[in-house]
1. Return the residue satisfying two criteria in turn: it lies in the range 121-139 and is crowded, with 17+ Cβ neighbours inside 10 Å and among the polar types (S, T, N, Q), and of such residues it is farthest from Y160 (Cα to Cα).
2. Of all residues in the range 150-161, which are at pLDDT below 95 and in contact with a Gly (Cβ under 9 Å, 6 or more places away or on another chain)?
3. Please identify the pairs in which a residue from the range 47-61 that is within 18 Å of P102 (Cβ to Cβ) and among the hydrophobic types (A, V, I, L, M, F, W, C) has its Cβ atom under 6 Å from the Cβ atom of a residue that is open to solvent by 40 Å² or more (accessible area, probe 1.4 Å) and more than 11 Å from the ligand (Cβ to nearest atom), counting only partners at least 6 apart or on another chain.
4. Determine which single condition T142 fails, assuming it passes every other condition in (1) closer than 27 Å to E71 by Cβ; (2) modelled with pLDDT of 95 or more; (3) open to solvent by 70 Å² or more (accessible area, probe 1.4 Å).
5. Among the residues in the range 155-175, are any outside any helix (DSSP H, G or I) and farther than 22 Å from A46 by Cβ?
6. Looking at (1) open to solvent by 80 Å² or more (accessible area, probe 1.4 Å); (2) assigned to a helix (DSSP H, G or I); (3) of a type in the set (K, R), which is the one condition that is false for R302?
7. Pick from F54, F34: which is away from the ligand (no atom under 16 Å from the Cβ) and among the aromatic types (F, W, Y)?
Amino acid sequence: MSKYNPEGFYGNERIVEALFQGIETGRLANTLLFAGPAGSGKKTLAAKVARKLFCPNLCGRCPSCKMLAREIHPDYLLISSEGALVKLEQARQLKAFLSTPPNTAAYKVAVLENCHNLTVEAGNSLLKILEEPPAASICILTADSADNVLPTLVSRSQVYTLTALPTAMISEMLIKKKLPENQSWFLTGFSEGILGRALELLEDHDFWQQRQQMAMEIQELLARRRDPLLSSDNWQTFPDRALDFLEYWLRDMVRLQINQDYIPVNKDLQANLEECLANCPEDKSIALLDQCAQARERLQARCNPRLVFDCLALKMWEV
Ligand SMILES: [Zn+2]
């Protein structure tokens, strides 16, 4: 999926409607803040807004639509800090871009990503632009949550919070992409309604391999047929993902132990799950799920991943 592809935006129809109505009535705020987790479509929505501003009919054929689709529109700027701090330099870049009149469109649109991660200087510099926005300019800020953005910036922005998509919508998209039904079911659950995340994982070969390997390892650990430290060696090479897998896996186990009708997220790996259940009583699965939460806290507190995963794998292996 192209990063900017405005066609790739699904769900959150009310937000799109409100934005388009603002554009049609000339009442769109100069500063918009799109909030939502990574993969929720903030960048895609920004491109969609630009597209509507540049070509009210969204024709898809005019030079403006074509330039935007090719990511070369002179009146559209995306400033991406790749997850790192947004610095003064980037705030200045935004200001310089917006302070000259549009080239071909009626507006200039600048998007500044990761505004939950601003340096103080960048925040102050932005504040000045937002207080006196240049004519015909729209500034779109994105952040993981409005709560993590400087209140002075939030108060100057129209805030739109993107919500997760209905699971049926994600499943449908994945099946259209030819993912088998069982794997679609898993990815839909695992991506928690965040389409961008699901699509990224769909294409990630390592992801599927790591998952398969982990399912086998958990099964072997619970049956005490595997050295826990070997698994720890493996898991700590992809710590966050490993914990995500473990958590979903254990949650499936706990729920299946409570309710036999439960359809596990990992239903495509049912045979592995069943052997795990045979070797792990309910109270142990619950305790392990708890250990996972603790492991996550420790990783966030920058504990050594080796120690965190050694401890977790040992707990799985222990009777
Ligand atoms: Zn057009």
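1. S125
2. Within the range 150-161, L150, T152, L153 qualify.
3. Taking only residues 6 or more apart or on different chains, the pairs are L53/Y107.
4. Every condition holds for T142 apart from (3).
5. yes
6. (2)
7. When all the criteria are applied, what remains is F34.
Yes/no matrix, rows are residues, columns are (1) in contact with a Ser or Thr (Cβ under 6 Å, 6 or more places away or on another chain); (2) within 16 Å of the ligand (Cβ to nearest atom); (3) open to solvent by less than 80 Å² (accessible area, probe 1.4 Å):
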site	(1), (2), (3)
P63	no, yes, no
I72	no, yes, no
R92	no, no, no
K95	no, no, no
T119	no, no, yes
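The values are calculated or read from the model by the stated rules, or taken from the named source; none is laboratory data. In this text, all values refer to a predicted model and were calculated from it rather than measured experimentally. Here Cβ is always computed from backbone atoms with ideal geometry, including for glycine, and neighbour counts include all displayed protein chains. Heads up: the accessible areas ignore ligands, DNA and RNA and are worked out on the full protein's heavy atoms, side chains in. Shrake-Rupley method; radii C 1.70, N 1.55, O 1.52, S 1.80 Å.
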